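Peer 1: Take a look at the following structure, please.
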Amino acid sequence: MNEAVKKVIEANESDPTNGEFLNVKAAAKLLKASDKMIYHLINIGKLNAINLSKRKTLVYRKDIDKLFELPPVVQLKELKPPPISKCYNMSEAQQKFNISEKALFEIIKRNNLFKFQDGWYTYVAKADLDKIFNLNN
């Protein structure tokens with residue numbers, strides 16, 4: 001017999017949740033969940049499994065342990081707004097490009113432009129809007 005098959009047989013003879021490979025029932029018992037939940041995790045790709053036959057599905061124990069690992073934390077850079085002298089406030093941009101408030105906000109949203117608020121006014125970088133409207137000032 002293959003060594004992997006021997007390991008599976010030996011592990012299932014003792015406590016079914018101690019082995020390197022677990023069947024669906026043992027995985028469900030280990031996670032205190034139902035068989036359907038284990039199959040659901042397999043179907044959505046969160047848990048890897050091997051089908052040895054129509055009625056025998058095995059799960060690698062380390063894959064179950066990986067479900068509980070935390071993803072690495074990504075440090076985000078803090079965006080610093082450009083100086084206000086290099087920005088349009090919303091009313092200046094509306095007048096300069098002759099567009100409505102809704103159209104301006106849609107352009108900012110669609111192009112994922114950085115906007116920031118200082119006091120009562122909301123600002124967008126002049127360079128970003130000029131690039132969108134193809135102005136070279």
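Peer 1: So, R0 is 41 Å and r is the distance between the beta-carbons of S34 and K77; what FRET efficiency does that work out to, to 0.05?
Peer 2: Result of the calculation: an efficiency of 0.40.
Peer 1: At 0.36 nm per residue, and after removing the present C-alpha to C-alpha distance, how many nm does the segment from N2 to F116 gain when stretched out fully?
Peer 2: Difference between extended and current length: 34.7 nm.
Peer 1: Taking a cut-off of 27 Å, what percent of all Cα-Cα pairs in the chain are separated by more than that?
Peer 2: Beyond 27 Å sits 53 percent of the P(r) for the chain.
Peer 1: Still on this model: According to a simple spin-label model (label point 7 Å from Cα along Cα-to-Cβ), what is the distance in nm between E20 and E106?
Peer 2: 6.1
Peer 1: Between D65 and N89, what is the spin-label point distance in nm, taking each point 7 Å from the Cα along the Cα→C-beta axis?
Peer 2: 6.0
Peer 1: For the chain, with the dipole built from +1 on Lys and Arg beta-carbon atoms and -1 on Asp and Glu ones, taken about the Cα centre, which of N51, I107, P83 lies farthest toward the positive end?
Peer 2: With unit charges placed on the Cβ atoms, the residue in question is N51.
Peer 1: Sticking with this one: Separation between the D130 and S53 pseudo-spin-labels, each 7 Å from Cα along Cα→Cβ, expressed in nm?
Peer 2: Rounded to a tenth, the inter-label distance reads 7.5 nm.
Taken together, the values in this text are just the output of simple stated rules run on the coordinates, not laboratory data. Keep in mind it's a predicted model, so treat the numbers as computed, not measured. In this analysis, Cβ positions are derived from the backbone assuming ideal geometry, glycine residues included, and neighbour counts consider all displayed protein chains.
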